[in-house]
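K.L.:
My questions all concern the structure below.
Read-outs throughout are calculated quantities, based only on the coordinates presented, and are distinct from any laboratory measurement. A quick note: this is a predicted structure, and the numbers were derived from the prediction, not measured. Here the Cβ is made from the backbone with ideal geometry for all residues, glycine too, and neighbour counts use every protein chain on show.
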């Protein structure tokens, strides 16, 4: 019975050890460091390419030109007189 | 046109998050894609995909394990000009490393950022802010979040068939994880020797220095020396394949953090 408990305890410690090692925050920082260095190299590779340009097309607010406004006014006044 | 309409909500979403990341651009305002300041901003999707062999998957000084890993790195960018010389970039970037056997080496990062670049007599001065989320595993557990503040200087020198692209970069990282807070200095030189319109020899010697300021890493100082040599093939002007051999060594005043690493593999770069 005692022997069995020791075996179970050993298994538990064995399982916990790798996860404890993986939880060292310095290891996360090291992995991040490698990603950053690789990103820098990726930037160099990408910047050797010609990047196509895709202009964003944002529709400007519709503002009628003064001449169109004047024409419209004329038209509306003309139609107004017509209906009267 | 339809793509632009689809992108707008995405850009709006990132803008609302108040978090914008920065990537470093060696050839901002390239002749290939000038953005006149009076024109609309333009968007692009750029990235790299690299299956790589490494002889030190866990950056270990003593426990060296070789493995293959897969590393995609993709960005969505919005570029525009504020004046003739002042340009901006907003971007979102996702990158991860997935190892075939050594799963403890898996890591991922998501970044959003903003960059302002002043073009002065051929020199490009950039100020960058980046908000980043670092994960253990491939977007499995959030390890820490950071705010990187960077400044860089870069320029291109073209002589016949040779292009030299030096870059100096200084970063301070603010982070919710004390061990991640640090100063970083980068100096690199992009070298490209064109053999013909399709083939080039490329290399990017690189030096990095890190000064950690807090937590268990307080007082730690690392230096990374790296050199590579590769052959690049241009499928088109915006897609290329580079196969290279890279050697990297890290020295540190914390002995256990020293390592050396040899990597070999192809990398596909694309810009759409």
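K.L.:
Can you tell which of B:173, B:93, B:257 shows the greatest fluctuation in a Gaussian network model of chain B with Cα springs below 10 Å?
P.N.:
Comparing B:173, B:93, B:257 in the GNM, the peak value goes to B:257.
K.L.:
Continuing with the same structure: Per residue of B:62-70, what is the mean number of Cβ atoms on other protein chains within 10 angstrom of that residue's Cβ?
P.N.:
0
K.L.:
For the residues B:171, B:243, what sequence is obtained by ranking on other C-beta atoms within 10 Å, fewest first?
P.N.:
By the 10 Å Cβ count, ascending, the order reads B:243, B:171.
K.L.:
Let me ask something else. Multiply the residue separation of residue B:225 and residue B:160 by 0.36 nm, subtract the distance between their alpha-carbon atoms, and state the gained length in nm to one decimal.
P.N.:
Extending this stretch completely gives an extra 20.5 nm.
K.L.:
In the Gaussian network model of chain B, springs joining C-alpha atoms below 10 Å, which of B:40, B:57, B:114 carries the largest mean-square fluctuation?
P.N.:
Taking springs between Cα atoms under 10 Å, the residue moving most is B:40.
K.L.:
Then there's this: Give the calculated FRET efficiency between residue B:198 and residue B:100 to the nearest 0.05, with a Förster radius of 35 Å applied to their Cβ-Cβ distance.
P.N.:
On the way: r = 31 Å, r/R0 = 0.90.
Computed FRET efficiency for residue B:198 and residue B:100: 0.65.
K.L.:
May I pose another question? Across segment B:2-271, how large is the tail of the calculated P(r) beyond 28 Å, expressed as a percent of all Cα pairs?
P.N.:
So the pairs more than 28 Å apart make up 38 percent of the total in segment B:2-271.
K.L.:
Take the Cβ-Cβ distance between residue B:88 and residue B:249 as r, set R0 to 51 Å, and report the resulting FRET efficiency rounded to the nearest 0.05. Mind showing how you got there, number by number?
P.N.:
Details: r = 37 Å, r/R0 = 0.72.
Given R0 = 51 Å and the Cβ-Cβ separation, E is 0.90.
K.L.:
Moving on. For chain B, what is the mean residue ellipticity at 222 nm derived from helices alone (per DSSP H run of n ≥ 4: -39500 (n - 2.57); sum divided by total residues; nearest 500 deg cm²/dmol)?
P.N.:
-2000 deg cm²/dmol, from helical runs alone.
K.L.:
Can you tell which of B:120, B:211, B:183 shows the greatest fluctuation in a Gaussian network model of chain B with Cα springs below 10 Å?
P.N.:
Highest fluctuation among the options: B:120.
K.L.:
Using the Cα atoms of segment B:216-272, I'd like the radius of gyration and the largest Cα-Cα distance, Dmax, both in angstrom.
P.N.:
Expressed in Å, the Cα Rg and Dmax of segment B:216-272 come to 16.4, 48.
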